[in-house]
Amino acid sequence: MKKRILGLLCLLALLPACTPKKPDTPAPVPPSSPAPSGTSPESPTAPEQPQAPEIPVQPAPSQPAKSDPNAIQFFDCGTLDLSDPDTIIGRENFEEFLNVTGSGTAASIQITHESEDSTATLTFADGVYTFQASGKESTWKQLQITESVTSGQIRQTFRLTNTQDLPADTPDGTKAITLFHETIES
């Protein structure tokens, strides 16, 4: 058995050496050497050297500009319109933002509010929420949803904070920013 395997290996080792050359492949051309003294290059006794075929030079293919590998691609969740205090438009977009960021995926949502002339942007990336509004930017560790019951109605408050278990009555400032309130039918 060992002799058979050894014989096959030897046979395989010889195969590349036995492959025939392609007939249309030109033979390599040795570099021209200077003519021996006393003979001129036009001498009829000098054998004519075959010319190497010209190989067309193709320009290098242009490559598309590489994007920044560190750039964060945000999942765009659309707009949450809070302009009318009685009607929240785009609530499903905010739900999508909560679902996407809950899985750790980077996402963004635009928020318009009745008291603001401009649109705010809320983004989430690398475990941090960033809120940009009126030319100011703040970062937060978590988005808390708290519930309170007033006059038999449940009210949810959506806030950005850096503090665990922040009381619902904490005013906006350095500890929290309220995004919006929503009354839920009981």
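The values are calculated or read from the model by the stated rules, or taken from the named source; none is laboratory data. On a predicted model such as this, the values are computed, not experimentally measured, just so you know. For neighbour counting, all protein chains shown are included, and Cβ atoms are generated from backbone atoms with ideal geometry for every residue, glycine included. Only protein heavy atoms, including side chains, enter the accessible area calculation; ligands, DNA and RNA are left aside. Shrake-Rupley method; radii C 1.70, N 1.55, O 1.52, S 1.80 Å.
Below, the figures for the structure above:
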{"read-out": "Exclusive hit being assigned to a strand (DSSP E or B), more than 19 Å from residue 80 (Cα to Cα) and modelled with pLDDT of 90 or more, set 130, 139", "value": "139"}
{"read-out": "Hey, residue 90 at positive phi, surrounded by 17 or more Cβ atoms within 10 Å (Cβ to Cβ), modelled with pLDDT of 85 or more and of a type outside the set (Asp, Glu) or not", "value": "yes"}
{"read-out": "Selection from the range 93-140 of residues that are open to solvent by less than 60 Å² (accessible area, probe 1.4 Å), more than 27 Å from the chain's Cα centre (by Cα) and free of Cβ contacts under 8 Å to residues at least 24 places away in the same chain", "value": "118"}
{"read-out": "Given (1) in contact with a strand residue (DSSP E or B) (Cβ under 7 Å, 6 or more places away or on another chain); (2) open to solvent by 50 Å² or more (accessible area, probe 1.4 Å); (3) within 23 Å of residue 185 (Cα to Cα), number of the condition residue 143 does not satisfy", "value": "(2)"}
{"read-out": "Identity of the residue in the range 66-84, out of contact with any strand residue (DSSP E or B) (no Cβ under 9 Å at 6 or more places or on another chain) and either open to solvent by less than 100 Å² (accessible area, probe 1.4 Å) or at positive phi (or both), that ends up modelled with the highest pLDDT", "value": "84"}
